[in-house]
Amino acid sequence: MGRRVSAPQVGYAAGIEQLRDPGFRRLFIARFISSFGSAMAPVAMAFGVLHLTGSATYMGVVIASQTASQVAVQLFAGALADRWSRKRLIVGGDILAATVQTAMAFLLFSGDAEVWQLCALMAVNGIAFALMWPAMVGLVPLVVPQERLQPANALLSLAQASAMGLGGAAAGMIVAFAGAGWAIAVDAATFAASGLLIAGIRPAAQTKSESRNLLHDMRDGWREFVSHRWLWAIVLQFSVLFAGWNGGFMIVGPVVADRHLGGPEDWGWIAGALGAGLLAGGALGMRLVVKRPMLVAVLACFGFAIPLALLALPAPVPVIAVGAFLAGVGGELFGVYWFTALHTHVAPEALSRVSAYDVVGSIALAPLGEALAGPAAEAIGTAATLWIAVGCITVPTLLVLLVPEVRRLGHAPAQATGAESGGSA
């Protein structure tokens, strides 16, 4: 038989009630702090490498180093999170990230940083993120009652969104007036603070995998993953979408700002508008209950194409900022519905492994998009590269709407799969 949950609680009152729980409050603050620093890092690294080398190609390679290493170890990290303590993995990842960011800040302070050094440190940072993310997804239902998962996910999205808005804007200003090293140093401090907060959480008992080895765990996680067609179809969509978004917004966007707009200050405003949109989307997701959440979530993904098209023109900075705001609203609505669906439709003992497959599939092509965006911008121009990125967002989003399960998935959990009913997982 399928798993059943209590009627979901939504709205601001349910969110405020959840914030009274000290464990969730720590998780909420930790998400805000670490997201603030993480929003600063891409802006700082982009302009730091541009100012160091003047090359969009080198910038793309440095940023792609982190994503590629995360992809390489993500499945192992997801299996580890389902058989070990998710809380300890997050704390360990925070400590590793804080150490790496500190080293990167010192390199940028010195003025003698070399591209290979930044690539190596970014690769280690990717490992830290791989350890943290599936464990974080799996930790949420150990802290939050199941009937409050939607407002809790919306609150966590609000924390992340508001932090990204503030962090993106702050990064532009700090880079412009103090240099990229200081922005990276702030990021290091946020990881350290996040680790301390997570260490103080006392989650519910974790249902752990009892298999003999990690390879067996990963195989069972794959079975759970492919048993949900709506899940793997959207992951395939995001594999292409993220290649376009990361290459277009994270790589070509700063190049457009540096060459055609007002530099890091203007990019800070655009990044801040994206964060403000994420904040608005999270607030909307806390209250908005729809019958077909995955259908609404996928339709919201078209918003990612708007700022890329405006950058391709390029439109005036305030207009691009509005487009970034709309992308943020859509992206955060997707996130609220997506994580709530994972938490209520996927077997809890396999949640981190499924989340790892989600991450790996979603960002599998992102390093390629990041690495190719710089050379493409230099070879065919920023406008043509950005229009290609727009296609990478709109085409797979249209295609995934053809999948019946994506259009029909509701809030009630699906019937149990073999993993859910006591099978391999």
Seminar exercise, completed: For the chain, longest principal axis from Cα atoms; helix 214-226 axis from its Cα atoms; angle between them, nearest 10 degrees, is 90 degrees
Problem set entry | Degrees between helix 56-83 axis and first principal axis of the chain (Cα, 0 to 90, nearest 10) | 20 degrees
Seminar exercise, completed: Expressed in angstrom and rounded, the centroid-to-centroid distance over alpha carbons for segment 333-368 and segment 161-195 is 27 Å
Exercise. Using a simple spin-label model with points 7 Å from Cα along the Cα→Cβ vector, what separation in nm is obtained for Lys291 and Asp112?
Worked result: 6.7 nm
Exercise. What's the angle, to the nearest 10 degrees (0 to 90), between helix 264-287's Cα axis and the longest principal axis of the chain?
Worked result: 20 degrees
Problem set entry | Integer Hz, Karplus 6.51/-1.76/1.60 couplings in order for segment 33-47, x for Gly and Pro | 5, 5, 5, 4, x, 5, 5, 6, 4, x, 5, 5, 5, 4, 6
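Can you tell me the FRET efficiency between Ala189 and Ile380 if r is taken as the Cβ-Cβ distance and R0 is 30 Å, rounded to the nearest 0.05? Display every interim value, and only then the final one.
Working: r = 40 Å, r/R0 = 1.33.
Once the sixth-power term is evaluated, E becomes 0.15.
Taking DSSP loops as anything outside H, G, I, E and B, show the longest stretch in the chain free of GluC sites (Glu not before Pro) there with at most 13 other beta carbons within 10 Å.
Details: sites that count: Glu114, Glu210.
In short, 211-425.
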For this session: Just grab the label-to-label distance for Ile29 and Leu368, each label 7 Å out from Cα along the Cβ direction, in nm (one decimal).
Result: 4.4 nm
Problem set entry | segment 12-408 pair-distance distribution - Cα-Cα, 10 Å bins, rounded % | 5, 24, 36, 26, 8, 0
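Express in nm, to one decimal, how much length is gained between Ala176 and Ser85 on full extension, taking 0.36 nm for each residue of separation and deducting their alpha carbon distance. Don't skip to the end; give the middle numbers.
Numbers: separation 91, 0.36 × 91 = 32.76 nm, distance 4.10 nm.
Answer, rounded to one decimal: 28.7 nm.
In whole angstrom, how long is each semi-axis of the equivalent ellipsoid of segment 93-173, when you take the square root of 5 times every eigenvalue of its Cα gyration tensor and sort them from largest down?
Details: eigenvalues 203, 59, 13 Å².
Ellipsoid half-lengths, sorted descending, are 32, 17, 8 Å.
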For this session: Specify the inter-centroid distance of segment 252-294 and segment 56-112, based on alpha-carbon positions, in whole Å.
Result: 24 Å
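Can you give the helix-only mean residue ellipticity at 222 nm for the chain, where every DSSP H stretch with n ≥ 4 adds -39500 (n - 2.57) and the sum goes over all residues, rounded to the nearest 500 deg cm²/dmol?
Values: 18 runs with 330 residues, N = 425.
Taken over the chain, the calculation gives -26500 deg cm²/dmol.
Computed from the coordinates by the stated procedures, all read-outs in this text should not be read as laboratory data. What you see is a predicted model; the values in this text were computed from it and never measured. Heads up, the Cβs are rebuilt from the backbone with ideal geometry, glycines too, and the neighbour counts pull from every protein chain shown.
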